[in-house]
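Before any comments, here is the structure.
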Amino acid sequence: MFSQKLKTQLREAIREVPDYPKSGILFKDITPLVNHPTLFSRLIDTLKLRYQHHSLDFVVGIEARGFILGAALAYALGAGFVPVRKKGKLPFRTISASYQLEYGADSVEIHTDALREIKDAHVLLVDDLIATGGTALASLELLDRLQAKCLEACFLISLAELGGLEKVGEKVNTFSVLEYPC
Ligand code: AMP
């Protein structure tokens with residue numbers, strides 16, 4: 001569904017910023033893609049084609065750039081949008097799941113009523129990028145605890161060398177539009 005031409009255009013629109021937010025990280029900045037006059041809508045329209053026949057109840061986006069892609073896709077699909085946020089950001093009752101960072105740990109949270117008590121809610125998990133997979137796995141744990149059925153975990157970018165997509169793939173179907181490096 002994603003033609004080579006579209007993938008090349010998307011790749012060209014993603015800016016690489018060395019040593020951000022810290023030394024040694026090559027940050028993939030999607031802001032030049034999402035402010036592009038046509039590429040952002042073509043990305044969302046093409047993702048919509050992939051998921052439109054799956055009767056999704058919710059698109060679940062991971063803070064922060066997963067909100068941009070996830071909310072737009074939820075709108076396109078006529079589904080609800082649910083945020084998974086970093087610890088302490090959601091105002092109501094939450095459950096949380098931790099994941100390891102290079103140094104220490106962090107956690108993500110979801111509102112306990114995020115899925116509106118829909119039994120076996122069908123959800124799609126979305127983020128801009130998967131690296132080690134820790135954030136996505138913790139998000140899947142939250143969805144499991146809310147008894148959601150996750151159709152797929154979808155990423156714009158996967159950093160293949162870090163193996164996150166494979167790790168998440170042991171739990172759910174995965175899809176990434178662009179694989180780096182390549
Ligand atoms: P991980 O839990 O290691 O898979 O990291 C994924 C999360 O960290 C995503 O929410 C990404 O937005 C962010 N992230 C990790 N590495 C990068 C990177 N090189 N460029 C941009 N975002 C990144």
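Scanning the range 168-182 for residues that are within 22 Å of residue 6 (Cα to Cα) and open to solvent by 30 Å² or more (accessible area, probe 1.4 Å) returns 174, 175, 179, 181, 182.
To keep it simple, each residue is scored yes or no on (1) open to solvent by 70 Å² or more (accessible area, probe 1.4 Å); (2) polar (S, T, N, Q).
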| site | (1), (2) |
| --- | --- |
| 3 | no, yes |
| 9 | no, yes |
| 19 | yes, no |
| 29 | no, no |
| 65 | yes, no |
| 72 | no, no |
| 76 | no, no |
| 83 | no, no |
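Would you say residue 107 is at pLDDT 95 or above, surrounded by fewer than 18 Cβ atoms within 10 Å (Cβ to Cβ) and within 16 Å of the ligand (Cβ to nearest atom)? Judged against the criteria, residue 107 is a match.
Taken as a whole, the range 86-95 holds at least one residue that is within 16 Å of the ligand (Cβ to nearest atom) and either within 14 Å of residue 135 (Cα to Cα) or buried (at least 19 other Cβ atoms within 10 Å of the Cβ) (or both).
Could you grab me the full set of residues in the range 114-143 that are open to solvent by 20 Å² or more (accessible area, probe 1.4 Å) and either within 16 Å of the chain's Cα centre (by Cα) or within 13 Å of the ligand (Cβ to nearest atom) (or both)? Matches in the range 114-143: 122, 129, 131, 132, 135, 137, 141. Out of all the residues in the range 13-28, is one or more within 11 Å of the ligand (Cβ to nearest atom) and in contact (Cβ under 8 Å) with a residue 40 or more places away in the chain? Scanning the range 13-28, I find at least one residue that is within 11 Å of the ligand (Cβ to nearest atom) and in contact (Cβ under 8 Å) with a residue 40 or more places away in the chain, so the answer is yes. If you filter the range 20-52 down to residues that are of a type in the set (Lys, Arg) and over 16 Å from residue 178 (Cα atoms), you find that the one that is farthest from the chain's Cα centre (by Cα) is 22.
Run down 172, 168 and say which single residue is more than 12 Å from the ligand (Cβ to nearest atom) and farther than 23 Å from residue 13 by Cα. Only one candidate qualifies: 172. Looking across the range 59-92, just one residue is assigned to a helix (DSSP H, G or I), of a type outside the set (A, V, I, L, M, F, W, C) and without any contact (Cβ under 8 Å) to a residue 24 or more places away in the chain, and that is 75. Filtered by the rule that a residue be touching a helix residue (DSSP H, G or I) at 6+ places or on another chain (Cβ under 6 Å) and in contact (Cβ under 8 Å) with a residue 40 or more places away in the chain, the range 97-109 gives 97, 108.
Answer yes if at least one residue in the range 155-167 is more than 23 Å from residue 31 (Cα to Cα), open to solvent by less than 40 Å² (accessible area, probe 1.4 Å) and part of a strand (DSSP E or B), and no otherwise. Checked the range 155-167: no residue is more than 23 Å from residue 31 (Cα to Cα), open to solvent by less than 40 Å² (accessible area, probe 1.4 Å) and part of a strand (DSSP E or B).
Among the conditions (1) part of a helix (DSSP H, G or I); (2) open to solvent by less than 70 Å² (accessible area, probe 1.4 Å), residue 56 misses just one, which is (1).
The set of residues from the range 144-154 being assigned to a loop (DSSP other than H, G, I, E, B) and either open to solvent by 30 Å² or more (accessible area, probe 1.4 Å) or modelled with pLDDT under 95 (or both) comprises 146, 147.
The values are calculated or read from the model by the stated rules, or taken from the named source; none is laboratory data. Being a predicted model, the structure only gives us computed values, none of them experimental. Quick reminder, even Gly has a Cβ in these numbers, built from the backbone with ideal geometry, and neighbours come from all protein chains shown. Please note that ligands, DNA and RNA were not included when accessible areas were found on the heavy atoms of the full protein model with its side chains. Shrake-Rupley method; radii C 1.70, N 1.55, O 1.52, S 1.80 Å.
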